[in-house]
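Asker: Please find one structure pasted underneath; my questions will follow.
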Amino acid sequence: MRVQQLTCALGAELIGVNLADAVRDDGLFAEIRALLLQHRVLFLRDQKLSRAEHVAFASRFGELEDHPVAGSDPEHPGLVRIYKTPDQPNDRYENAWHSDTTWREAPQFGAVLRCVECPPVGGDTMWANMALAYERLPDHIKAEIADLRARHSIEASFGAAMPIEKRLALKAQYPDAEHPVVRTHPDTGEKVLYVNAFTTHFTNYHTAARVRFGQDANPGAADLLRYLVSQAYIPEYQVRWRWAPDSVAIWDNTATQHYAVMDYPPCHRKMERAGIIGTRPY
């Protein structure tokens, strides 16, 4: 196996390895997991994985989970189908910079994403290193956010376009989660900036130490949240991957955010993702 680093910030391509072998090879899997923690996101080409092998490999990291909105393969629970087709003219929105499922009490540890079909050009995915984003924040910002907590919502994201009854039912099933703005990585101990497109507001900002007048809280808190969310947009923290059929990305969802670039004309883009259940942020 050769490891080719892709940027200074994060990302490495693994060459000469078959992920199906890692289902049975403990040593190979341990090496891949260590590389994941080091490089945040790993990429592989020409992986002729069956759906069963895809699920079996991802399951080595931990238990898989379904998504309440995106559909899963009926024969392989935990394998979420992210399919875009030309007959979806009103469903061209892809996403924003985010970490998967931060609206859960225990967001995903990571994911294994395989390309089934993609456009000849376009449809790349980008990742940002949010441990590096935290590390490079000004010291006064680090001090200001050290004890802050924030809400993350599926209602305000996936639920926004739903009829109100369905949206409220979704929120009742998945109430907004509250997480620290700066979380500790459970494996590496690193500090990670942990706000993204699912984050709606801080929950403990409005204190006498921070707020003298109303403007300090509004728009003060909103401006700070926008600033923090925007750190993922910085190119020096990013890597960009061009897909081809049978390409795979494995990422550490704790330490990264990602963005699926919606720049391709109406055509097929079919991806399948196995999301691994994580731990409650602290």
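The values are calculated or read from the model by the stated rules, or taken from the named source; none is laboratory data. Since the model is a prediction, treat every value here as computed from it, not as a measurement. Glycine gets a Cβ as well: all are built from the backbone with ideal geometry, and neighbour counts include every protein chain shown.
Asker: What about Glu165, is it free of Cβ contacts under 8 Å to residues at least 40 places away in the same chain, more than 20 Å from Gly275 (Cα to Cα) and part of a strand (DSSP E or B)?
Answerer: Here the answer is no, as Glu165 does not meet what is asked.
Asker: Yes or no: Gly11 over 20 Å from Thr125 (Cβ atoms) and among the small types (Gly, Ala, Ser)?
Answerer: Against the criterion (over 20 Å from Thr125 (Cβ atoms) and among the small types (Gly, Ala, Ser)), Gly11 does not qualify.
Asker: Also, quick follow-up: Pick from the stretch 224-282 the residues that are of a type in the set (Ser, Thr, Tyr) and farther than 25 Å from Ala34 by Cβ: which of them is modelled with the lowest pLDDT?
Answerer: Taking the candidates together, the pick is Tyr264.
Asker: For the subset of the stretch 241-264 comprising residues that are assigned to a strand (DSSP E or B), of a type outside the set (A, V, I, L, M) and out of contact with any Gly (no Cβ under 7 Å at 6 or more places or on another chain), which member is surrounded by the most Cβ atoms within 10 Å (Cβ to Cβ)?
Answerer: Among residues in the stretch 241-264 that are assigned to a strand (DSSP E or B), of a type outside the set (A, V, I, L, M) and out of contact with any Gly (no Cβ under 7 Å at 6 or more places or on another chain), the one surrounded by the most Cβ atoms within 10 Å (Cβ to Cβ) is Gln257.
Asker: A further question follows. Which fully enclosed strands (runs of 3 or more DSSP E) of the stretch 57-141 have 3 or more residues being closer than 27 Å to Ala172 by Cα?
Answerer: Those strands (runs of 3 or more DSSP E) span 79-84, 108-117.
Asker: Moving on. Evaluate the following for Asp21: is it touching a Ser or Thr at 6+ places or on another chain (Cβ under 9 Å), free of Cβ contacts under 8 Å to residues at least 24 places away in the same chain and of a type outside the set (Lys, Arg)?
Answerer: When the stated conditions are applied, Asp21 does not pass them.
Asker: Would you call Leu14 in a loop (DSSP other than H, G, I, E, B) and more than 30 Å from Ala172 (Cα to Cα)?
Answerer: It is false that Leu14 is in a loop (DSSP other than H, G, I, E, B) and more than 30 Å from Ala172 (Cα to Cα).
Asker: Right, another one. Give the residue that is surrounded by the fewest Cβ atoms within 10 Å (Cβ to Cβ), with candidates limited to residues of the stretch 143-161 that are in contact with an Asp or Glu (Cβ under 9 Å, 6 or more places away or on another chain) and not β-branched (Val, Ile, Thr).
Answerer: Per the criteria, the residue is Arg149.
Asker: Taking the stretch 230-240 as the search range and keeping residues that are surrounded by fewer than 20 Cβ atoms within 10 Å (Cβ to Cβ) and touching a residue at least 40 places away in the same chain (Cβ under 8 Å), which one is farthest from Met262 (Cα to Cα)?
Answerer: Once the filter is applied, the top-ranked residue is Glu236.
Asker: Of the residues in the stretch 14-34, how many are touching a strand residue (DSSP E or B) at 6+ places or on another chain (Cβ under 6 Å) and within 21 Å of Thr125 (Cβ to Cβ)?
Answerer: 2
Asker: For the stretch 51-66, give me the residue count where each residue is surrounded by fewer than 18 Cβ atoms within 10 Å (Cβ to Cβ) and either closer than 18 Å to Glu31 by Cβ or modelled with pLDDT under 95 (or both).
Answerer: Result for the stretch 51-66: 4.
Asker: Only residues that are surrounded by 14 or more Cβ atoms within 10 Å (Cβ to Cβ), outside any loop (DSSP other than H, G, I, E, B), at pLDDT 95 or above and among the small types (Gly, Ala, Ser): list them for the stretch 170-221, please.
Answerer: Once the filter is applied, which keeps residues that are surrounded by 14 or more Cβ atoms within 10 Å (Cβ to Cβ), outside any loop (DSSP other than H, G, I, E, B), at pLDDT 95 or above and among the small types (Gly, Ala, Ser), the stretch 170-221 yields Ala177, Ala221.
Asker: Consider Pro68 carefully, then state whether it is closer than 20 Å to Met271 by Cα and touching a Pro at 6+ places or on another chain (Cβ under 6 Å).
Answerer: No, not satisfied.
Asker: Which condition does Leu170 not pass, out of (1) in contact with a Pro (Cβ under 8 Å, 6 or more places away or on another chain); (2) free of Cβ contacts under 8 Å to residues at least 12 places away in the same chain; (3) of a type in the set (A, V, I, L, M, F, W, C), if it passes all the others?
Answerer: Only one criterion is unmet by Leu170, namely (2).
Asker: Still on this model: Any idea how many residues of the stretch 19-33 are farther than 21 Å from Asp246 by Cβ and buried (at least 16 other Cβ atoms within 10 Å of the Cβ)?
Answerer: 2
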